[in-house]
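Report on the structure given below.
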Amino acid sequence: IKDRQRNEIKGYKGSNNTLKAFHNEVVAYHWKFKLNDDLSLSENFTHFFQLKGVDAGAGTPLLTITGRDKNGQWLTLNHQNHGKKTVLGKVPLQAVKGRWLQVSLFVDYSDDGQLDLTMTDIKNKRPVMKLSFPHIDMWRGEKNDDFVRPKWGIYRSLRSQDLLQEVEEKVFFADFMVQKR
């Protein structure tokens with residue numbers, strides 16, 4: 001595939017079940033990441049984290065942390081289920097570039113699920129984004145072996161190459177933890 005750039009750490013079908021979230025499970029994800037000061041964004045998509053369903057669903061991620069370059073530059077939390085995409089929260093990208101962020105994400109994988117996200121600036125210990133959704137559809141699977149897998153890294157469209165730098169882009173990640181409750 002030549003229209004996108006991808007460098008990811010991810011769970012997949014062959015992963016241990018500890019990395020897969022099944023229906024009605026509650027999973028906590030914790031990690032740190034830092035976007036380089038001069039990181040450029042595609043106007044199509046630049047994902048840094050995804051929860052991706054492995055099911056007969058839409059093929060789109062259920063949840064993403066994404067850099068957006070539309071009406072300004074933003075770091076957004078997006079939810080997409082049953083064809084509807086919703087921006088759940090956003091912060092100006094300039095406020096987080098070059099800063100180590102600690103992310104804690106709790107997901108109840110059910111049709112009437114729950115989603116809690118806290119993203120904290122590690123240096124000043126201030127929350128950058130703090131969101132809670134007690135009744136959100138976090139499941140679209142239909143079979144017993146359907147699951148959701150996490151993906152960290154950079155996954156970026158190359159369709160708007162005029163916006164992207166020709167130098168190496170850097171996104172840093174550390175201290176991953178996936179824990180079922």
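The values are calculated or read from the model by the stated rules, or taken from the named source; none is laboratory data. It should be emphasised that the depicted structure is a prediction, and the values quoted were computed from it without experimental measurement. For neighbour counting, all protein chains shown are included, and Cβ atoms are generated from backbone atoms with ideal geometry for every residue, glycine included.
Looking across segment 4-60, just one residue is surrounded by 14 or more Cβ atoms within 10 Å (Cβ to Cβ), modelled with pLDDT under 95, β-branched (V, I, T) and within 22 Å of T120 (Cα to Cα), and that is T46. Among the residues examined, I154 qualifies as at pLDDT below 90 and within 18 Å of the chain's Cα centre (by Cα). Taking segment 67-119 and the strands (runs of 3 or more DSSP E) fully enclosed by it, the elements with 1 or more residues that are more than 20 Å from N44 (Cβ to Cβ), under 16 Å from the mean Cα position of the chain (by Cα) and charged (D, E, K, R) are at 101-108.
Within segment 61-88, the set of residues being small (G, A, S) and surrounded by fewer than 19 Cβ atoms within 10 Å (Cβ to Cβ) comprises G72, G83. Within segment 97-112, track down each residue that is surrounded by 19 or more Cβ atoms within 10 Å (Cβ to Cβ) and not aromatic (F, W, Y). Passing the criteria: L101, V103, L105, V107, D108. Tell me which residues, restricted to segment 120-139, are free of Cβ contacts under 8 Å to residues at least 24 places away in the same chain and outside any strand (DSSP E or B). N124, K125, R126 - these are the residues of segment 120-139 that are free of Cβ contacts under 8 Å to residues at least 24 places away in the same chain and outside any strand (DSSP E or B).
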